[in-house]
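The values are calculated or read from the model by the stated rules, or taken from the named source; none is laboratory data. Note that the structure is predicted; figures quoted are calculated from it, not measured. With ideal geometry, Cβ positions are generated from the backbone for all residues, glycine too; neighbour counts draw on all protein chains shown.
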Amino acid sequence: MTEATAPITQDVVTLPRKLPEGGRTNLVGLTREQLRDALVAAGTPERQAKMRVGQIWQWIYHWGVRDFAQMTNLAKEYRTFLAERFEIAVPEIVTRQISDDGTRKYLLRIAGGHEVETVYIPEETRGTLCISSQVGCTLTCSFCHTGTQKLVRNLTAAEIVGQVMVARDDLGEWPVQGAPKDETRLVSNVVLMGMGEPLYNFDNVRDAMKVVMDGEGISLSRRRITLSTSGVVPEIARAAEEIGCLLAVSFHATTDEVRDRLVPINKRWNIEALLAALRDYPRLSNSERITFEYVMLKGVNDSDADAKRLVRLIQGIPAKINLIPFNEWPGAPYQRSDWERIEAFADIVYKAGYASPIRTPRGEDIMAACGQLKSATERERKSRAQVQSEAGLG
């Protein structure tokens, strides 16, 4: 009999029978260290804890199991012990919309009745999952629909990891025991580009990404994860050291005057301060390059002069520039740049030696494109005049 199938040792007999106060603890989103501490605090003998963590971890994150009764390499008594004290809970799907281009948008309900949106974008050679880190957002970027929704709260690590697990459920991506091994990854990339500013929820985002990157579970490498920030300068170096994933920056303007209006966090940390922090990121995180996200707004930031200024600003930073045609939403105070203007902008950047792909809008018909996410029940429709006034365009 192998260790994996052997019954749990006699120590289980001494496990406490007292149940926890205040309900069961959710194991989803706990790091390995946190999971070990939770098991020991509940009564698992310390000398068994490391092995139990490995077993439970694999069941949850490799096989996608939600029922302790199915963890067949654990003794029945221990499975009962776990079920009495813990749960494996993920967000609930309220609605699922599928775009004409195959993009899937999930409206997910989390604790407190709040809702967030998660988007899956299938591509020919990969599938990208765009996940949220907050309910709402505190940054009020004037071109972003999410920014018109006030911040409600940070998501927990469980709610962040849970978005990945829900998508894998819906896509049928968990491996089947006994079936031939299939290396195909439907969720091959994760981007923290949904609702919220990830670096304003640093600890939960970091712990969630530790779970997602763990090689014995969901097992996405740090180079398959991209964290997008609007420029929370003090946390950028910390993200490099404690998370180490790829970094994308919502840049969107080449002067402080325009960026103050588009991305108000610029008033706190301006372009100069942001670029100073970004210059160190590839070295600290061992990342290849930084992605600069640049939404193309007609007559606002799309001139040849803007393109040339952008190239000068990022000189010396290993980078690529993602040009994003503006995705309109009800009441939006901006318009998408003309396609010829976007191509001319891209050509200037490309000739300066930077990759400048133009992002193909995906999921626009279900309001799932970049900048369009906003949870339905938290949505407070504003008039176009109100939005334009707040954007400084009134």
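Okay, here's what the table says:
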item: Pair list, Cβ < 6 Å and 6+ apart or interchain, from region 322-342 residues that are assigned by TED's automatic domain parsing to the domain that holds ARG289 and assigned to a loop (DSSP other than H, G, I, E, B) to residues that are among the β-branched types (Val, Ile, Thr) and surrounded by 21 or more Cβ atoms within 10 Å (Cβ to Cβ); result: PHE326/VAL295; GLY331/VAL387; PRO333/VAL387
item: Residue ID - nearest to ASP207 (Cα to Cα), chosen from residues in region 31-85 that are under 31 Å from the mean Cα position of the chain (by Cα) and β-branched (Val, Ile, Thr); result: THR31
item: Qualifying residue in region 220-236 (condition: closer than 18 Å to ASN301 by Cα and part of a helix (DSSP H, G or I)); result: no
item: Selection status of CYS141, within 16 Å of the chain's Cα centre (by Cα) and part of a loop (DSSP other than H, G, I, E, B); result: no
item: When residues of region 205-228 are limited to those that are of a type outside the set (Gly, Ala, Ser) and within 11 Å of the chain's Cα centre (by Cα), the one nearest to LEU151 (Cα to Cα); result: VAL205
item: Only one of VAL191, VAL164, VAL176 that is buried (at least 19 other Cβ atoms within 10 Å of the Cβ), out of contact with any Pro (no Cβ under 9 Å at 6 or more places or on another chain) and farther than 21 Å from ASN286 by Cβ; result: VAL164
item: Qualifying residue in region 188-208 (condition: at pLDDT below 95, of a type in the set (A, V, I, L, M) and in contact with a strand residue (DSSP E or B) (Cβ under 7 Å, 6 or more places away or on another chain)); result: yes
item: Yes/no for TYR78 being assigned to a helix (DSSP H, G or I) and surrounded by 14 or more Cβ atoms within 10 Å (Cβ to Cβ); result: yes
item: Test: ARG185 is surrounded by fewer than 24 Cβ atoms within 10 Å (Cβ to Cβ) and not in a loop (DSSP other than H, G, I, E, B); result: no
item: Residue in region 203-221 that is surrounded by the most Cβ atoms within 10 Å (Cβ to Cβ), counting only those that are under 30 Å from ASN266 (Cα atoms) and touching a residue at least 60 places away in the same chain (Cβ under 8 Å); result: ALA208
item: Qualifying positions in region 285-310 - of a type in the set (A, V, I, L, M, F, W, C) and surrounded by 15 or more Cβ atoms within 10 Å (Cβ to Cβ); result: ILE290, PHE292, VAL295, MET296, LEU297, VAL300, ALA307, LEU310
item: Region 134-175: number of residues that are out of contact with any helix residue (DSSP H, G or I) (no Cβ under 8 Å at 6 or more places or on another chain), of a type in the set (Val, Ile, Thr) and more than 30 Å from ASN266 (Cα to Cα); result: 1
item: Selection count where residues are touching a Phe, Trp or Tyr at 6+ places or on another chain (Cβ under 9 Å) and over 21 Å from LEU139 (Cβ atoms), scope region 219-239; result: 1
item: Residues being farther than 12 Å from ASP302 by Cα and in contact with a strand residue (DSSP E or B) (Cβ under 7 Å, 6 or more places away or on another chain) - total across region 319-333; result: 5
item: Yes/no for GLN70 being loosely packed, with under 15 Cβ neighbours inside 10 Å and either in contact with an Asp or Glu (Cβ under 6 Å, 6 or more places away or on another chain) or not assigned by TED's automatic domain parsing to the domain that holds GLN177 (or both); result: yes
